[in-house]
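Notes to accompany the following structure.
The values are calculated or read from the model by the stated rules, or taken from the named source; none is laboratory data. In this text, all values refer to a predicted model and were calculated from it rather than measured experimentally. Here the Cβ positions follow ideal geometry from the backbone for every residue, glycine too, while neighbour counts run over all protein chains shown. Please note that ligands, DNA and RNA were not included when accessible areas were found on the heavy atoms of the full protein model with its side chains. Shrake-Rupley method; radii C 1.70, N 1.55, O 1.52, S 1.80 Å.
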Amino acid sequence: MTDSNPPLFHQYELLLQSKAQLQLLNNGNQQINSVMEECQLPLIDLTGLESSNEKERRACSREIFGASAEWGFFQVINHGIRTELLSRMSKEQMKLFGVPFEKKSTSGILDHSYRWGTPTATHPNQFSWSEAFHIPLTKVSEAACYGEFINLREVMEELATAMSKLARSLAGVLVECLGHRKEIFDDICHESTCFLRLNHYPICPFPGDVSGLVPHTDSDFLTILHQDRSGGLQLMKGSQWVAVKPNPEALVVNIGDLLQAWSNDTYKSVKHRVVANSMRERYSIAYFLCPSYHSPIGSCRQPSPYRHFTFAEYRKQVRDDVEKIGYKIGLSKFRLVNINTNSNSNN
């Protein structure tokens, strides 16, 4: 490995030291190497949302609703974020991850947000072969965070603004589909808890044994993802992993845990992962739409299958789960029993 990559191999070796862990690895390989089919996610042209024709606007909203309820994932084109901006961001991102590992990990670039691997992993199946910068939106415009990466600041500011606008627009559509005013999340989402995450997945010498990013659901309302053409994103459809075919013209959107809870399970937060690659490295950029820490998540209607909780409570539960057992339990700990709900849309 070059000196720009983190010591993933060394950390991975440490997780292979006992026979018990090796057995866990062998068991996990059955899932990592399971047979998958490639799928084309629902592709939605967002031009319809701006149409002067009410039928076209409603038709586009129904597409977004349907994909969120059935898949929990969809792709959007004509989304308002310029291809040139995404291309510039990708170039600056590659420059950033190309600096020596020691510099990335010790210099405090991007508000000390650099992370790699999975520090809480207790066996190989919990280890992610990747590195990332996870930056709060409140820090994106601070010049002190960038050091020598002056050009990165300009493009990140522009991209954060554009992705935030898109995320709130899509969230507004999903809220309206359930009979609520579209501004409801504008009232509770705040830049201090919304993030941009820059991801890099280095080439992995044993991709069948480890994930680029371990299976998980997102702990937010909504995620917007721009990925390169390397592929590797997979989601759980039914009981099978399916590979998402990259579309260079589209952004990927997925529902997070909080929107599933708020919608009384109408919208689905779906487990997904990134597989490691022995031939090509992979880059992606994700935007996470989150509420302020003390905002109640609430429900689109009562009765709700979930007890009331705040984002701070949910984040704490996730951290506790990861520290104790190596992965998050998710919404199940907030679910009530013997509650019947009607998840039909008002759209």
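Using only side-chain charges placed at the Cβ, +1 for Lys and Arg and -1 for Asp and Glu, the dipole size of the chain relative to its Cα centre rounds to 640 debye.
Between the amide H of TYR306 and those of LEU336, distances stay under 5 Å, these residues lying 5 or more places away or on another chain, with hydrogens modeled in the peptide plane. Convex hull volume of the C-alpha atoms in region 125-215, normalised per residue: 143 Å³.
Residues whose amide H lies under 5 Å from that of LEU41, counting only those 5 or more places away or on a different chain, are LYS245; hydrogens are built 1.01 Å from N in the peptide plane.
Got the relative contact order for the chain handy, in percent, Cα pairs under 8 Å and 6 or more residues apart?
20 percent
Per residue, region 241-347 exposes an accessible area of 46 Å² to a 1.4 Å probe, with every protein chain left in place. Based on DSSP H segments of at least four residues, each scored -39500 (n - 2.57), the chain has a per-residue ellipticity at 222 nm of -10500 deg cm²/dmol.
Treating only the Cβ atoms of Lys and Arg (+1) and Asp and Glu (-1) as charged, compute the dipole magnitude of region 199-347 about its Cα centre; round to the nearest 20 debye.
Dipole about the Cα centre, nearest 20: 240 debye.
Residues in region 130-144 carry Karplus couplings, in order, of 6, 9, 7, 10, 10, 10, x, 4, 5, 9, 4, 8, 7, 4, 5 Hz; the curve used is 6.51 cos²θ - 1.76 cosθ + 1.60 with θ = phi - 60°, and Gly or Pro positions show x. The peptide list 39-49, 265-275, put in order of mean Cβ contacts within 10 Å with the highest first, becomes 265-275, 39-49.
Rounded if a/c is under 1.5, else prolate if a/b beats b/c, else oblate: with a ≥ b ≥ c from the C-alpha gyration tensor eigenvalues square-rooted, which is region 206-320? Judged from the Cα gyration tensor, region 206-320 comes out prolate (a/c at least 1.5, a/b above b/c).
Taking amide H atoms as placed 1.01 Å from N in the peptide plane, the amide H of PHE149 has no partner under 5 Å among residues 5 or more positions away or on other chains. Assuming charge only on the beta carbon of Lys and Arg (+1) and of Asp and Glu (-1), the dipole of region 203-271 about its Cα centre is about 220 debye to the nearest 20. Calculated from the structure at hand, semi-axes √(5λ) of the Cα gyration tensor in Å is found among (i) 46, 32, 16; (ii) 27, 25, 19; (iii) 31, 25, 20 as (iii). Here the Karplus curve 6.51 cos²θ - 1.76 cosθ + 1.60, taken at θ = phi - 60°, turns the phi angles of region 185-196 into couplings of 7, 4, 6, 10, 7, 9, 4, 5, 10, 8, 9, 10 Hz, with x standing for Gly and Pro.
Placing a pseudo-label 7 Å from each Cα along the Cα-to-Cβ vector at LYS271 and VAL99 gives an inter-label distance of 3.7 nm. Sorting the segments 155-165, 296-306, 254-264 by their residues' average number of neighbouring beta-carbon atoms within 10 angstrom, most packed first, yields 254-264, 155-165, 296-306. With r defined as the distance between the Cβ atoms of SER52 and LEU16 and R0 fixed at 56 Å, what FRET efficiency is calculated, to the nearest 0.05? Rounded to the nearest 0.05, the efficiency is 0.40.
Comparing HIS134, HIS200, HIS294 in a Gaussian network model of the chain (Cα springs below 10 Å), the most mobile by mean-square fluctuation is HIS294. In this simple spin-label model, placing a label point 7 Å from the Cα along the Cα-to-Cβ direction at both ILE329 and GLN302 gives a separation of 2.6 nm. The portion of the accessible surface of the chain made up by carbon and sulfur, rounded to a whole percent, is 51 (1.4 Å probe; DNA, RNA and ligands excluded). Computed from phi, the 3J(HN,Hα) profile of region 213-227 under the Karplus parametrisation 6.51, -1.76, 1.60 (θ = phi - 60°) reads 9, 5, x, 6, 10, 8, 8, 9, 7, 8, 10, 10, 10, 10, 10 Hz, with x in place of Gly and Pro.
When each of the peptides 226-236, 180-190 is scored by how many other beta carbons lie within 10 Å of its residues on average, the order from highest to lowest is 226-236, 180-190. Across region 91-209, the mean sequence separation of Cα contacts (distance under 8 Å, 6 or more residues apart), normalised by length, yields a relative contact order of 30 percent. Tell me the volume per residue, in Å³, of the convex hull enclosing the alpha carbons of region 47-201. For region 47-201, the hull spanned by Cα atoms encloses 150 Å³ per residue.
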